[in-house]
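Remarks on the structure that follows.
The values are calculated or read from the model by the stated rules, or taken from the named source; none is laboratory data. The structure displayed is predicted, hence computed values, not measured ones. Here the Cβ positions follow ideal geometry from the backbone for every residue, glycine too, while neighbour counts run over all protein chains shown.
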Amino acid sequence: MVARRAHNPKVTGSNPVPAIFYYFPMNIDIITLLPNFWINIIKTLPIINKALLKNNLKINIVNLRNYGIKKGNKVYVDDYQYGGGYGMVLKLEPIYNCINTLKKNNNYNNIIYLTPDSTLYNQNIAKKLSKTNHILFLSGYFKGIDQRIRDNLITNEYSIGKYIISNGDLSTLIVIDSIIRLLPGILGNIKSTYSDSFNKYYYDHPLYTRPYKYKNMKVPKILLSGNHNKILKWRNNKILKKIYKYKDTK
């Protein structure tokens, strides 16, 4: 890992481009259920391809199914959620084992999960992330991921907007693109990165699926009670707390 000072051309006026230090190459790991999606993106998206060719970037694609629960000839990475409700949830064990296996050989600055019910992603966050050395992204699917992963392993959660898309790889790609374009030598002129311009809450309650207990992490007992009125009240209270925590500001 080598820290290099970004090229800082002569600038006149009261707002010169500040000197910034980046770590080359930037390392990005992506946990996904769609490895072929990323293989094709890396080949075809110019900004990623350019960063790779310049050795400013290394990308490692990790297939979550390699850590799935094997039952017979099938591998499972998702399950029904405790407390009832529509939609499958990514299981705790495959993600837990995957992340901890990766952490044995990597020192991550950030482990990021993109989800609508979190802090709104912005350009200032992109700038901060572009100065780090190693980031791990977890792409979500289905209804979401087991809340215990969010509580215990994820270091940063961001939202690209209060809307729903078909899979988490798309939001992960948006964030990665916003980071890579800030690396020196990727855009024609680094100064252009400093001149970029910049109801209902779509929050969800915490999600849990089997097993009930894993490494001292338990599912809240209320979700196993069978009392749907109490479960609904509990979920609504959790949503209200998120609304207050991540309320939009002008």
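One residue alone among Ile164, Ile95, Ile179 is farther than 30 Å from His228 by Cβ and of a type in the set (A, V, I, L, M), and that residue is Ile179. How do the pairs read when you match residues in the stretch 48-67 that are under 13 Å from Trp38 (Cβ atoms) with residues anywhere that are modelled with pLDDT under 95 and hydroxyl-bearing (Ser, Thr, Tyr), using Cβ under 9 Å and keeping only pairs 6 or more apart or on different chains? Pairs found: Leu64/Tyr141. For Lys127, the requirement of being surrounded by fewer than 19 Cβ atoms within 10 Å (Cβ to Cβ), of a type in the set (Lys, Arg) and in contact with a helix residue (DSSP H, G or I) (Cβ under 9 Å, 6 or more places away or on another chain) is met. For the stretch 162-188, a tally of residues being part of a helix (DSSP H, G or I) and farther than 13 Å from Ile41 by Cα returns 6. The residues in the stretch 41-66 that are surrounded by fewer than 17 Cβ atoms within 10 Å (Cβ to Cβ), within 20 Å of Ile135 (Cβ to Cβ) and among the basic types (Lys, Arg) can be counted, and the count is 2.
When you scan the stretch 226-244, do you find a residue that is more than 20 Å from Tyr76 (Cβ to Cβ), exposed (fewer than 12 other Cβ atoms within 10 Å of the Cβ) and under 23 Å from the mean Cα position of the chain (by Cα), even just one? Yes - at least one qualifying residue is present in the stretch 226-244. Can you find a residue that is at pLDDT below 95, out of contact with any Cys (no Cβ under 9 Å at 6 or more places or on another chain) and in a loop (DSSP other than H, G, I, E, B) anywhere in the stretch 221-237? Checking the stretch 221-237: not a single residue is at pLDDT below 95, out of contact with any Cys (no Cβ under 9 Å at 6 or more places or on another chain) and in a loop (DSSP other than H, G, I, E, B). Checked against the criterion of being surrounded by fewer than 19 Cβ atoms within 10 Å (Cβ to Cβ), of a type outside the set (Phe, Trp, Tyr) and over 30 Å from Lys233 (Cα atoms), the candidates Ile69, Ile135, Ile111 yield just one match: Ile69. Taking the stretch 70-88 as the range and being assigned to a loop (DSSP other than H, G, I, E, B) and hydroxyl-bearing (Ser, Thr, Tyr) as the test, the residues that pass are Tyr82, Tyr86.
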